[in-house]
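Read the structure below first, then the notes.
The values are calculated or read from the model by the stated rules, or taken from the named source; none is laboratory data. As the structure is a prediction and not an experimental result, all values here were calculated from the model. Reconstructed Cβ throughout: ideal geometry from the backbone, glycine too, with neighbour counts over all protein chains shown.
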């Protein structure tokens, strides 16, 4: 997911920068989404179907709740005999594309280093708001 979010910038950074960015991105996703997921209750997830083409797959589910059905598609790639999610599509909105759009202007103006500072600051803000 980190590679896809950064796009061509990924090719211009070295291995340690890639590892660092991946860690920042992982922490951001944990901070933003895990807390929200933990707040869900009384919903159920219904498996709809899977489509596998070579080493890529899409697993489609429906989150059922009193507010209605929410379609969620997990876009996956097989790597070393393990399926790994690299994008999540919720109601037609791609998580990767969403972050690509958010990061595009930062990368254009402030380059990779500026984006890293933004993510570090964002992740740090979650530490000060947690109790």
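On the basis of being surrounded by fewer than 16 Cβ atoms within 10 Å (Cβ to Cβ), closer than 30 Å to residue 125 by Cβ and at pLDDT below 95, does residue 95 make the cut?
Taking the combined requirement at face value, the residue does not satisfy it.
Here is a list of conditions, (1) farther than 19 Å from residue 114 by Cα; (2) at pLDDT 95 or above; (3) surrounded by 13 or more Cβ atoms within 10 Å (Cβ to Cβ), and residue 53 meets all of them except one; can you say which number that is?
Residue 53 satisfies every listed condition except (3).
What about residue 36, is it surrounded by fewer than 14 Cβ atoms within 10 Å (Cβ to Cβ) and modelled with pLDDT of 95 or more?
No; evaluated as a whole, the condition is false for this residue.
Could you please find all residues in the range 49-71 being out of contact with any strand residue (DSSP E or B) (no Cβ under 7 Å at 6 or more places or on another chain) and either within 16 Å of residue 92 (Cα to Cα) or in a strand (DSSP E or B) (or both)?
Answer for the range 49-71, where residues must be out of contact with any strand residue (DSSP E or B) (no Cβ under 7 Å at 6 or more places or on another chain) and either within 16 Å of residue 92 (Cα to Cα) or in a strand (DSSP E or B) (or both): 52, 53, 65, 68.
With surrounded by 10 or more Cβ atoms within 10 Å (Cβ to Cβ) and under 18 Å from residue 6 (Cα atoms) as the only criterion, which of 100, 43, 58 stands out?
100 is the lone residue from the list that is surrounded by 10 or more Cβ atoms within 10 Å (Cβ to Cβ) and under 18 Å from residue 6 (Cα atoms).
Which of the residues spanning the range 72-89 are part of a strand (DSSP E or B) and surrounded by fewer than 14 Cβ atoms within 10 Å (Cβ to Cβ)?
78, 79, 82, 84, 85
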